[in-house]
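Some notes on the structure that comes next.
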Amino acid sequence: MRHFKYLSFAVLLGACVTAVSNAQRKPAEPIIIPTSCDSLEAGVFRSTGGRFSIAIAHFPSQIRESATEKAKAKGIDAGKMFIWQLENTLYTLYYGPPFDRDGNPQPPVYADMENGTRKGILNSNATLVSEKAITLGKHRGTEFRYISAQGLRYIGRIYLVGDMGYQVVGAYAEDKYEKEVLTVLASFKPTNK
């Protein structure tokens, strides 16, 4: 999944910095209407296209499409990033199918996901605090903890579930919100549909 290497982590971190700062002032209004494949029920957001659910009781504030016009012309979903800006925390969830941004088949490579995450943290001038192996059921994962130059704290987890790569990140400015972020990250579940 080489497109994980090119996922603009600097842009993501910049968006997180701005959003967490703004989130401390007021909740964000949704700026993109969810697709018909997305649903919200009993405090859980579900994405049929992304094949996941997560316990966030809101539709995303923003959805960013990874597919280029070439991929869209082929009818291929090349991945999306969902962004939730809440009162004191911010979450992003990126899913990447086994295609590059142009919709060409590309086999998943877990090492590329890890390396892309490390490079993104470094390129954004954040400090990597810790990295550890984790699991999600039978699926392998890695958790990264890092702090931005502005002092925001991040917990990011990557997983490869079959042919789908996932990156789930929670951001917070104050230590008292870490437990809330960990609870949301732990609620992430890949689905078959």
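Some points to look at:
- Packing, as the average of other Cβ atoms within 10 Å across residues, places the peptides 90-101, 108-119 in the order 90-101, 108-119, highest first.
- The Cα center of the range 110-143 and the Cα center of the range 86-104 differ in position by 15 Å.
Throughout, read-outs are computed from the coordinates displayed, never taken from laboratory work. Just so we're clear, the structure is a prediction, and the values are computed from it rather than from any experiment. Neighbour counts are summed over all protein chains in view; Cβ atoms, including those assigned to glycine, are modelled from backbone coordinates with ideal geometry.
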